[in-house]
1. Which condition number does R52 fail, the rest of (1) in contact with a Gly (Cβ under 8 Å, 6 or more places away or on another chain); (2) open to solvent by 30 Å² or more (accessible area, probe 1.4 Å) being met?
2. Taking K2 and the conditions (1) part of a loop (DSSP other than H, G, I, E, B); (2) modelled with pLDDT of 85 or more, which numbered condition does it fall short on, given that it satisfies the others?
3. Would it be correct to say that P19 is over 17 Å from Y86 (Cβ atoms) and either modelled with pLDDT of 90 or more or among the acidic types (D, E) (or both)?
4. Does the stretch 39-48 contain at least one residue that is at pLDDT 90 or above and among the acidic types (D, E)?
5. Can you give me the number of residues within the stretch 57-75 that are of a type in the set (A, V, I, L, M) and surrounded by 23 or more Cβ atoms within 10 Å (Cβ to Cβ)?
6. Pull up the stretch 20-38, narrow it to residues that are free of Cβ contacts under 8 Å to residues at least 12 places away in the same chain and touching a Leu at 6+ places or on another chain (Cβ under 8 Å), then point me to the one that is surrounded by the most Cβ atoms within 10 Å (Cβ to Cβ).
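The values are calculated or read from the model by the stated rules, or taken from the named source; none is laboratory data. Since we're looking at a predicted model, the values are computed, not measured. So basically every Cβ, Gly included, is an ideal-geometry build from the backbone, and we count neighbours across all protein chains shown. What goes into the accessible areas is simple: the full protein's heavy atoms, side chains included, and nothing from ligands, DNA or RNA. Shrake-Rupley method; radii C 1.70, N 1.55, O 1.52, S 1.80 Å.
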Amino acid sequence: MKLGPDVADSLRRLADLDPSIEEDFAQALDLLRRSKPLPEPFGDHPMVGELRGWRAFEIGTGGRVVYFASRAAVTIVSAGPHDDAYDRAQLKRIAAAGRISRARAKRRRRSS
């Protein structure tokens, strides 16, 4: 799995504050790739509102990882301190919705 540069940078900054984050993240990612539930200390939970369909878990002290999983892959959407991780995830969700809407509109114009 490749992490986007913003996610990798956020994880690096969190690991500078709490070195256990690297091990926590690796363990969580391994479990998610194998479609296993995360242990209770990760606080894995579904997102609500505009982030519905995505999930988040805790790493280290105050770190969050927002992700979504399918049978084929686990996609890490954002990582960072609590509010930063959720804010970045929301921006990505809005951007994705805009790309989908533009693509649908383009297809409709072609089919008309």
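1. (1)
2. Failing condition for K2: (2).
3. Spelling it out, it is not the case that P19 is over 17 Å from Y86 (Cβ atoms) and either modelled with pLDDT of 90 or more or among the acidic types (D, E) (or both).
4. yes
5. Residues meeting the conditions: 3.
6. L31
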